[in-house]
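Take a look at the structure below.
The values are calculated or read from the model by the stated rules, or taken from the named source; none is laboratory data. Computed from a predicted structure; not experimentally measured. No Cβ is skipped: glycine too gets one built from the backbone with ideal geometry, and neighbour counts run over all protein chains shown.
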Amino acid sequence: MRFLLARAKRIRWSLAYFTAAIVAASLLAGCATEYAGRKTFRTVVIDPGHGGHDSGAVARGVAPEKAWTLALAYRVRDRLTRGGFQVVMTRTTDVFIPLDTRTDISNSQSNAVFISLHFNYSPNHAAEGLETWYYTAQSASLAQFLHASMLRLPWVLNRGIKNRGFHVIRKNAFPAVLIENGFLTNDEDVRRVSTPGYLDLIADRIYDGLIGYRGSAPVAEGE
């Protein structure tokens, strides 16, 4: 029985991975230019969700969301910097930054995109996978490129690209997305994000998604 259950699980994950690859290809095929600065932006505002007294998602036996978002943000910053981007972070320590201040930081840039990093929570512990949220029409292509790239992560389940007016993306002057990088209430998602190097893989996928969206790196790596 255990063998059959394990085999069924492997088949389920294989089908999910195959489906994700198909979805990623179709998403990229439908992308259209919606932001005039898409080919020229160099600044990326990285927003590690929550912080300070705002812990974000809290699950038993797992560090609070605010710790995961900051750890991931550092990795994304380092990866983008190596690729020639200028990175602005809305917070670099465990402090609370009001939502208006986060958008003010983004809107004070001259030509940028905005990525808010989060991890999900659900009372249904079976809920798992990746979600990418956007609000404005000019953010749709950014969401599509990033989501398609993120679906290349090992075994990630696709929960889709969704539209909702979260403050930090609704009040943004630039293309802005919010990525839920898995559920801290799901054992499989926690196992993945806790695996050494997995956050680095997420950072790589975000970088690749931005390169696809922009069309090229700001400078060649190594220069």
Out of (1) among the hydrophobic types (A, V, I, L, M, F, W, C); (2) under 22 Å from Ser106 (Cβ atoms); (3) surrounded by fewer than 20 Cβ atoms within 10 Å (Cβ to Cβ); (4) touching a strand residue (DSSP E or B) at 6+ places or on another chain (Cβ under 8 Å), the one Leu153 does not meet is (2)
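Here's the yes/no breakdown for (1) surrounded by 15 or more Cβ atoms within 10 Å (Cβ to Cβ); (2) more than 15 Å from the chain's Cα centre (by Cα):
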position: Lys39; (1), (2): no, yes
position: Thr43; (1), (2): yes, yes
position: His50; (1), (2): yes, no
position: Ala59; (1), (2): yes, yes
position: Trp68; (1), (2): yes, no
position: Val76; (1), (2): yes, no
position: Asp94; (1), (2): yes, yes
Q: Taking Gly165 as the residue in question, decide whether it is of a type outside the set (Asp, Glu), modelled with pLDDT of 95 or more and either out of contact with any Gly (no Cβ under 7 Å at 6 or more places or on another chain) or surrounded by fewer than 22 Cβ atoms within 10 Å (Cβ to Cβ) (or both).
A: yes
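Looking at Gly160, Gly197, Gly182 in this structure, which one is free of Cβ contacts under 8 Å to residues at least 40 places away in the same chain and within 24 Å of Ala67 (Cα to Cα)? Explain how you work it out, then say what you get.
Numbers: Gly160 fails: within 24 Å of Ala67 (Cα to Cα); Gly182 fails: free of Cβ contacts under 8 Å to residues at least 40 places away in the same chain.
Step by step, each of Gly160, Gly197, Gly182 is checked, and only Gly197 is free of Cβ contacts under 8 Å to residues at least 40 places away in the same chain and within 24 Å of Ala67 (Cα to Cα).
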Looking across the range 99-145 at residues that are out of contact with any strand residue (DSSP E or B) (no Cβ under 8 Å at 6 or more places or on another chain) and among the small types (Gly, Ala, Ser), the single one that is nearest to Asp189 (Cα to Cα) is Ala126
